[in-house]
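**Q** I have a structure I would like to understand better, so I am pasting it below and will then ask my questions one at a time.
The values are calculated or read from the model by the stated rules, or taken from the named source; none is laboratory data. Since we're looking at a predicted model, the values are computed, not measured. All Cβ positions, even for glycine, are placed from backbone atoms using ideal geometry, and neighbour counts span all protein chains on display. Protein only, heavy atoms only, side chains kept; ligands, DNA and RNA dropped before computing areas. Shrake-Rupley method; radii C 1.70, N 1.55, O 1.52, S 1.80 Å.
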Amino acid sequence: MRAAVLHLLAERPMHGYEMIQEIARRTDGQWTPSPGSIYPTLQMLADEGFVTSTEEGGKKLFSLTDIGTTEGEAAPWDVLSFQLDPVDGELRSAVRLLGSAMEQISHAGTSAQKARAAQLYNELRRKLYSILSEES
């Protein structure tokens with residue numbers, strides 16, 4: 001997390017949430033840090049004097065200080081990019097989008113819509129397992 005934050009801030013000042021989105025974008029969704037990991041890292045880097053923050057529109061804008069550098073270090077997303085099959089990003093994105101749709105139905109759907117969604121979800125799960133049972 002530390003290297004990712006330092007690399008992003010070496011490019012330009014950013015808000016914490018913006019860093020989360022940028023890391024997710026650069027890793028094609030393979031890595032989306034939580035606020036619970038990014039903000040403590042930012043605080044630690046500030047305590048060490050590597051970053052500073054200013055208030056901008058009620059949000060903290062973080063910047064790299066003169067001593068905060070990543071010179072010679074590989075960006076974490078460059079290292080991550082060769083580790084996974086490119087299709088993994090597509091699959092992760094599809095899973096996230098499906099989860100969002102299910103969440104919307106659970107919050108805004110009628111009882112009948114929720115029942116249909118549960119039935120469809122169970123059917124999808126069975127079909128996914130059948131894909132795994134197929135020969136390659």
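**Q** Using a 1.4 angstrom probe on the protein heavy atoms only, could you order His15, His107 from most to least accessible area?
**A** Per-residue accessible area, sorted high to low, gives His107, His15.
**Q** Can you give the log10 of the normalised intensity I(q)/I(0) at q = 0.20, 0.22 Å⁻¹, computed with Debye over equal Cα scatterers of the chain?
**A** So the normalised log intensities are -1.12, -1.26.
**Q** Using a simple charge model, +1 on the beta-carbon of Lys and Arg, -1 on the beta-carbon of Asp and Glu, nothing else, what dipole does the chain show about its Cα centre, in debye to the nearest 20?
**A** 840 debye
**Q** From the backbone phi of the stretch 4-21, what are the Karplus-calculated ³J(HN,Hα) couplings (6.51 cos²θ - 1.76 cosθ + 1.60, θ = phi - 60°) in whole Hz, Gly and Pro given as x?
**A** Each residue's phi maps through the Karplus curve to give 4, 4, 4, 5, 5, 6, 5, 7, 5, x, 8, 7, x, 5, 4, 5, 4, 5 Hz.
**Q** Counting only protein heavy atoms and using a 1.4 Å probe, what share of the accessible area of the chain belongs to carbon plus sulfur, as a whole percent?
**A** For the chain, the apolar C and S fraction of the accessible surface comes to 55 percent.
**Q** Each residue of the stretch 32-45 in order: what ³J(HN,Hα) in whole Hz does its phi give by Karplus 6.51 cos²θ - 1.76 cosθ + 1.60, θ = phi - 60°, with x for Gly and Pro?
**A** 10, x, 8, x, x, 10, 6, 5, x, 5, 4, 5, 4, 5
**Q** With a 1.4 Å probe and all protein chains in place, put Tyr121, Tyr17 in order of accessible area, largest first.
**A** Tyr17, Tyr121
**Q** Further question: Need one value: the accessible area of Glu55 in square angstrom, 1.4 angstrom probe, rounded to the nearest 10.
**A** Roll a 1.4 Å probe over it and Glu55 shows about 130 Å².
**Q** Compute the accessible area per residue over the chain, keeping the other protein chains in place, probe 1.4 Å, unit Å².
**A** Here the per-residue accessible area is 69 Å².
**Q** In nm, what is the difference between 0.36 nm times the number of residues separating Ser93 and Asp66 and their Cα-Cα distance?
**A** Here the answer is 6.0 nm.
**Q** Right, next: At a 1.4 Å probe radius, which order do Lys59, Lys114 fall into by accessible area, largest first?
**A** Lys59, Lys114
**Q** Would you tell me the accessible area of Leu124, worked out with a 1.4 angstrom probe on the heavy atoms of the protein chains, in Å² to the nearest 10?
**A** 70 Å²
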